[in-house]
Amino acid sequence: MQRCSVTDSRHVAKIGDAPADLLEGANADCGLVIGVTNGSSSREQLSVLPHDYLIGSVAELPVLLGL
């Protein structure tokens with residue numbers, strides 16, 4: 001955040017494939033917490049944790065983010 005001069009964590013998207021990633025995003029009050037289910041954890045494992053979206057692959061990010 002500091003490198004990009006972002007001071008408000010609500011302007012940050014936390015994206016990861018592990019339970020710790022989703023928990024970190026939630027604890028940091030990130031604006032978006034996105035779980036990726038084709039990595040180290042399954043959809044079932046991530047679905048019980050705080051998240052805004054679960055996606056199957058990072059290839060889905062541009063569409064999800066409207067890019």
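Only the coordinates and a few stated rules stand behind these numbers; no lab work does. The structure presented is a predicted model; accordingly, all values stated were derived computationally and were not measured. No Cβ is skipped: glycine too gets one built from the backbone with ideal geometry, and neighbour counts run over all protein chains shown.
Laid out as a table, the results:
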quantity: Amide hydrogen neighbours beyond the local backbone of Ile55, cut-off 5 Å, H modeled; calculated: Gly35, Val36, Thr37
quantity: Fewest-first sequence of Asp17, Asp52 by Cβ atoms within 10 Å of each Cβ; calculated: Asp52, Asp17
quantity: Net +/- balance of residues flanking Glu24 in space, Cβ distance below 13 Å, scoring K and R +1, D and E -1; calculated: -2
quantity: Dipole in debye (nearest 20) - the chain, about Cα centre, beta carbon charges: Lys, Arg +1; Asp, Glu -1; calculated: 120 debye
quantity: Relative contact order of the chain, defined on C-alpha pairs under 8 angstrom at six or more residues apart (%); calculated: 27 percent
quantity: Neighbour-count ranking [beta-carbon atoms within 10 angstrom, fewest first] of Ile34, Ile15; calculated: Ile15, Ile34
quantity: Local net charge near Leu61, Cβ-Cβ under 15 Å (Lys/Arg +1, Asp/Glu -1); calculated: -3
quantity: Ascending count of other beta-carbon atoms within 10 Å, so fewest first, for Leu22, Leu54; calculated: Leu54, Leu22
quantity: Reciprocal of mean inverse Cα separation for the chain (Kirkwood radius, Å); calculated: 12.0 Å
